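> Quick one: the structure is below, questions incoming.
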Amino acid sequence: MTVFLGLDIGTTSTIGILADIAGKVLALASRPVTLYAEKPGWAEEDPAQWWANCCDLIPELLETAGISAAEIAGIGVAGMLPATVLLDETGAVLRRSIQQSDGRAGAEVEEMKREIDEPDFLKAAGCGVNQQLVGAKIRWLARHEPEVLARAKVLLGSYDYINFRLTGVAAVEQNWALEAGIVNVASGRIDLSQAARTGIPPHLLPPLIASSAVLGKVTAAAAAATGLAEGTPVIGGAADMIASCLGAGVVSGGDVLLKFGGAVDILTATDVLSPDPRLFLDYHLIPGLWMPNGCMSTGGSVLNWFADTFASGIAPLNGSRHAALDALAADRPAGAMGLTFLPYLLGEKTPLHDPAARGALNGLTLSHDLGHVWRAILESYAYAIRHHIEIFREIGHKTRRFMVSDGGAKSSVWMGIVADVLGEPLHRPGGHPGSCLGAAWTAAVGLGAAEWGGITAFTSQDRLFTPDPANRKVYDKGYAAFRDLYRRLDGSQS
């Protein structure tokens, strides 16, 4: 039996999986992650917690699977991107990571827009000038924490950092680099002058590595900390949403994945390179394909916040407050009796690129209750997804087959709402544990043990969510109200 370990360094949890190449999951485990939002728009995490979670998860996975560490043939790590992790000359983390959803650098983004010709940058980098660029965070640090930046020797992403802890090798995976704005899409290589234009000192950048290329091997120190076998190969890794796409079966043009994690991602596969400043651009794990995509600043993180802050007293249903809130929302009408929620509690990334955007609840009356509000929150993400799909189609990308994945996709109430708002059937794969599976499979492919298409052995169709035509007019009206509310509160055009 050939076994691979996949780790997912997610916004709300660290997840590990052991899987073989025949389509069997041997063990799955997770640990929560703390998101720090100490100031409006801020989003930070502690890389030490990611590593501690991995050290805690791996022995549990081995025990559950009943295998020895020596039986793991390779390791793949996925994670959210592009998080900003700075190391000093000893490899120690200098401060908490600045997350991809962090919106503190609005002034720095505006500064970049004044300095950089955006059409030229879009053509070269495949992305526009927005808060996703790591250079915006580095500029913020130069202005507000210059002593930290002065001590920095290496810049990494989330899964790059875990790879560094496992192997001692510092590198940045290709999609972190692409979304960070430092790759020239024509050459596929890091452009140091392009990085410098965004604000990243070139000396901070380690080499670029492809997702399925072998990065290094587990060191003796990492083996002692994790229970892994020294010398186990580790591959370059994968962006979490791209790994999730692979696991869900997004393998050809027109396939779409809606990923409901700590943030909501909307991705489509295409063989056509057509950069648009409203969206992000990534490489598909399958060579030759691109993945234009949108990523909201929030998703499950807002649902968790609401449940913890306003529904802590609700009786759980099957052990879950979220399930209890879903049951309330299911009994409320489509459109939540005129409530409109804006989920921009950390600003918003695509397609608005507005770090100053804020959350709002409009239309509240004494006739509304907790179920109406929860339903309005679920509907708001469906409306935002619809906005992205309209942009995909406007650009010319075909969007024909819709899959859903990750923790939020387990909510049948939420998925039913999304199907109704989009007017499209949604396929929910069964047996898809999320990005960790794609990470493990990338390792299997990179080490020559599997082919890309073999990952479909893990999944089947769990459920098809078919849109209810009776809700179409309500949701068309609700979508228009959602788009209009942002425009009226912000004064900008979306």
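> Does residue 351 fit the bill of being closer than 24 Å to residue 174 by Cβ, at pLDDT below 95 and assigned to a loop (DSSP other than H, G, I, E, B)?
no
> Moving on. When you check residue 120 against the structure, is it assigned to a helix (DSSP H, G or I), modelled with pLDDT of 95 or more, farther than 23 Å from residue 36 by Cβ and among the charged types (D, E, K, R), yes or no?
yes
> Restricting attention to segment 428-446, which residues are surrounded by fewer than 19 Cβ atoms within 10 Å (Cβ to Cβ) and more than 21 Å from residue 30 (Cβ to Cβ)?
Within segment 428-446, no residue meets the criteria.
> Quick one: would you say residue 261 is of a type outside the set (Phe, Trp, Tyr), surrounded by fewer than 16 Cβ atoms within 10 Å (Cβ to Cβ), more than 24 Å from residue 170 (Cα to Cα) and in contact with a Ser or Thr (Cβ under 9 Å, 6 or more places away or on another chain)?
Answer is no for this residue.
> Out of (1) in contact with an Asp or Glu (Cβ under 7 Å, 6 or more places away or on another chain); (2) buried (at least 20 other Cβ atoms within 10 Å of the Cβ), what's the single condition that is false for residue 253?
(2)
> For segment 21-60, enumerate the residues that are out of contact with any Gly (no Cβ under 9 Å at 6 or more places or on another chain), surrounded by fewer than 21 Cβ atoms within 10 Å (Cβ to Cβ) and assigned to a strand (DSSP E or B).
32, 36, 44 - these are the residues of segment 21-60 that are out of contact with any Gly (no Cβ under 9 Å at 6 or more places or on another chain), surrounded by fewer than 21 Cβ atoms within 10 Å (Cβ to Cβ) and assigned to a strand (DSSP E or B).
> Another question, then. For segment 87-106, which residues satisfy the criterion of being free of Cβ contacts under 8 Å to residues at least 60 places away in the same chain and more than 30 Å from residue 301 (Cα to Cα)?
Scanning segment 87-106 gives a single hit, 90.
> Out of all the residues in segment 127-159, which are among the small types (Gly, Ala, Ser), modelled with pLDDT of 95 or more and under 17 Å from residue 282 (Cα atoms)?
Answer for segment 127-159, where residues must be among the small types (Gly, Ala, Ser), modelled with pLDDT of 95 or more and under 17 Å from residue 282 (Cα atoms): 157, 158.
> Tell me whether segment 167-182 contains one or more residues that are surrounded by fewer than 24 Cβ atoms within 10 Å (Cβ to Cβ), closer than 24 Å to residue 356 by Cα and modelled with pLDDT of 95 or more.
No, segment 167-182 has no match at all.
> Sticking with this one: Inspect all residues belonging to segment 437-449 and state whether any of them is within 27 Å of residue 9 (Cα to Cα), under 23 Å from the mean Cα position of the chain (by Cα) and not in a helix (DSSP H, G or I).
So far as segment 437-449 goes, no, none of its residues is within 27 Å of residue 9 (Cα to Cα), under 23 Å from the mean Cα position of the chain (by Cα) and not in a helix (DSSP H, G or I).
> Without any contact (Cβ under 8 Å) to a residue 24 or more places away in the chain and either out of contact with any helix residue (DSSP H, G or I) (no Cβ under 6 Å at 6 or more places or on another chain) or assigned to a helix (DSSP H, G or I) (or both), is that true of residue 137?
It is false that residue 137 is without any contact (Cβ under 8 Å) to a residue 24 or more places away in the chain and either out of contact with any helix residue (DSSP H, G or I) (no Cβ under 6 Å at 6 or more places or on another chain) or assigned to a helix (DSSP H, G or I) (or both).
> State which residue pairs qualify: first residue among the charged types (D, E, K, R) and inside segment 307-322, second residue part of a loop (DSSP other than H, G, I, E, B) and surrounded by 10 or more Cβ atoms within 10 Å (Cβ to Cβ) in any location, beta carbons under 9 Å apart, and separation of 6 or more residues or different chains.
Listed pairs, sorted by first residue: 321/311; 321/314.
> Go through segment 220-256 and count every residue that is over 18 Å from residue 447 (Cβ atoms) and part of a loop (DSSP other than H, G, I, E, B).
7
> How many residues does segment 344-357 hold that are on the phi < 0 side of the Ramachandran plot and out of contact with any strand residue (DSSP E or B) (no Cβ under 7 Å at 6 or more places or on another chain)?
Qualifying residue count for the region: 4.
> Just for segment 374-400: of the residues that are β-branched (Val, Ile, Thr) and either more than 24 Å from residue 309 (Cα to Cα) or over 20 Å from the mean Cα position of the chain (by Cα) (or both), which one is surrounded by the fewest Cβ atoms within 10 Å (Cβ to Cβ)?
This residue is 395.
> Could you tell me whether residue 244 is at pLDDT below 95, touching a Gly at 6+ places or on another chain (Cβ under 7 Å), surrounded by 17 or more Cβ atoms within 10 Å (Cβ to Cβ) and not β-branched (Val, Ile, Thr)?
Judged against the criteria, residue 244 is a match.
> Something else: Give the residues of segment 401-415 that are crowded, with 21+ Cβ neighbours inside 10 Å and either part of a helix (DSSP H, G or I) or out of contact with any His (no Cβ under 9 Å at 6 or more places or on another chain) (or both), sorted by residue number.
Across segment 401-415, the qualifying residues are 407, 408, 409, 414, 415.
> Within segment 107-125, which residues are touching a helix residue (DSSP H, G or I) at 6+ places or on another chain (Cβ under 9 Å) and either crowded, with 18+ Cβ neighbours inside 10 Å or without any contact (Cβ under 8 Å) to a residue 40 or more places away in the chain (or both)?
Selection gives 107, 108, 109, 111, 112, 116, 121, 124, 125.
> Only one of (1) surrounded by fewer than 19 Cβ atoms within 10 Å (Cβ to Cβ); (2) touching a helix residue (DSSP H, G or I) at 6+ places or on another chain (Cβ under 7 Å) is not met by residue 12, so which one is it?
(1)
> Which of the residues spanning segment 290-323 are surrounded by fewer than 19 Cβ atoms within 10 Å (Cβ to Cβ) and touching a strand residue (DSSP E or B) at 6+ places or on another chain (Cβ under 8 Å)?
Within segment 290-323, 305, 323 qualify.
> What is the number of the single condition among (1) modelled with pLDDT of 95 or more; (2) within 19 Å of residue 183 (Cβ to Cβ) that residue 281 does not meet?
It is condition (1) that residue 281 fails.
> For residue 309, only one of the following conditions fails: (1) modelled with pLDDT of 95 or more; (2) closer than 21 Å to residue 175 by Cα; (3) of a type in the set (Val, Ile, Thr). What is its number?
(2)
> Quick one: what pairs do we get from segment 64-86, first residue in a helix (DSSP H, G or I) and modelled with pLDDT under 95, second among the polar types (S, T, N, Q) and surrounded by fewer than 24 Cβ atoms within 10 Å (Cβ to Cβ), C-beta under 8 Å, 6+ apart or different chains?
Going by the 8 Å Cβ cut-off, there are no qualifying pairs.
> Test residue 193 against the criterion of being of a type in the set (Gly, Ala, Ser), part of a helix (DSSP H, G or I) and either farther than 19 Å from residue 239 by Cβ or at pLDDT below 95 (or both), and give yes or no.
yes
The values are calculated or read from the model by the stated rules, or taken from the named source; none is laboratory data. As the structure is a computational prediction, the values presented were derived from the model and not from experiment. Here the Cβ is made from the backbone with ideal geometry for all residues, glycine too, and neighbour counts use every protein chain on show.
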